[in-house]
1. Mean-square fluctuation check for chain B, GNM, Cα pairs under 10 Å: which of B:193, B:104, B:36 is largest?
2. Averaged over its residues, how many other protein chain Cβ atoms are within 10 Å of peptide A:40-53's Cβ atoms?
3. First measure r as the distance between the Cβ atoms of residue B:69 and residue A:177, then evaluate 1/(1 + (r/R0)^6) with R0 = 45 Å and state the FRET efficiency to the nearest 0.05.
4. With the crude spin-label approximation of a point 7 Å out along Cα→Cβ, what separation in nm comes out for residue B:189 versus residue A:88?
5. Given region B:41-161, what whole percent of its Cα pairs are spread farther than 18 Å?
6. In a GNM of chain B with a 10 Å cut-off on Cα contacts, which of B:123, B:137, B:67 has the highest mean-square fluctuation?
7. Which residue fluctuates the most in chain B, going by a Gaussian network model with Cα springs under 10 Å, if the choices are B:133, B:50, B:179?
8. In nm, give the distance between the simple-model label positions of residue B:97 and residue B:206, each being 7 Å from the Cα along the Cα-to-Cβ direction.
């Protein structure tokens, strides 16, 4: 009798931890890119108060003619009740991390001040670490699960850094290729234009001294 | 003791599974407008996405004006998923080519412009794997499943590092060739400039000597 009840308890424990962990297995982490024309907003739901929301974004600009007036785009984070968590202006990339005081839908908005659309690559992750004081779990709570959750969160932060570096590398690549194009093609065009300009100069001088002087010489 | 464990299980199951329905990326879509979201996917990696339009009115079925059209294309133009006038859907495929995959959502035109809220989730790589199946097939322990997941994540991080390293190498090569080209083109510029000036000078000298002005 005791053995049977013990086994049933064990399976209940397993089911408990399984369902608990399976839920946390699907916590969101998305790395996507969108085209920001004027304003683009994305919202993500935070399930538990006290969760850490971390993320980053990089502006992948093909068009690198940013004037001194427009140095980048504006990024804001708004909490579910409406107050601003973060507001950065004129950036081409930013990393953020904050502890969400309440659960709900947090809004992440990008504003583009100029008419040219910009592509923004962003990554947002909400992570939850189950604590020992959680009311839902009483006796059948294994501290190893906390450690595993912490490890998972640390790996997510590494992944976030990687995505940030990858996005920056893409933008750096665009800059380098543009530099290479400018070095080669613009220089060659420069030579051609120089030759044409000097040819035109010669033609003009010839015409200037061509007929009139000969005519005046009589 | 058993019933307490059972109730605890029920409580956790309810808490554990209910929020799953409401959690994903959410954005607004205006009628007549297109919104595209892109993701960089490597070849031979599994990717899963699902989307659904939030019903503004819970009691009535979703009106036609809120049904959207979806198309998922690769960077080469191949269409991997297409759905017209649907309320929700999902797609799953293995990426044949690596590059930017774009999921575009389009809402048909409507005379009072409406805004529909779309819940969207796109998972690639480790997150896209069906862990429930893996657990069932292998009959493995929960903790072992979690650790397997962590191992997969670490492996994908390692692969990503390799990819970044290769890209950095390519970029360094590109910069080095640009630098050497600038070096040679500097000398070429000087040569072109001097030769053009010299030709001009020589040609005009001959011209004026012919015209007996010099």
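Readers should treat all values here as calculations from the given coordinates under stated rules, not as data from a laboratory. In this text the structure is predicted, and so the values were computed from the model without any measurement. Glycine also receives a Cβ, built like all others from the backbone with ideal geometry; neighbour counts cover every protein chain displayed.
1. In the Gaussian network model the winner is B:193.
2. Counting other chains' Cβ atoms within 10 Å and averaging over A:40-53 gives 3.
3. For R0 = 45 Å, the calculated efficiency reads 0.85.
4. Result: 3.6 nm between the two label points.
5. Tail of P(r) above 18 Å: 62 percent of Cα pairs.
6. Largest GNM mean-square fluctuation: B:137.
7. Checking each option, the largest mean-square fluctuation is seen for B:179.
8. 5.5 nm
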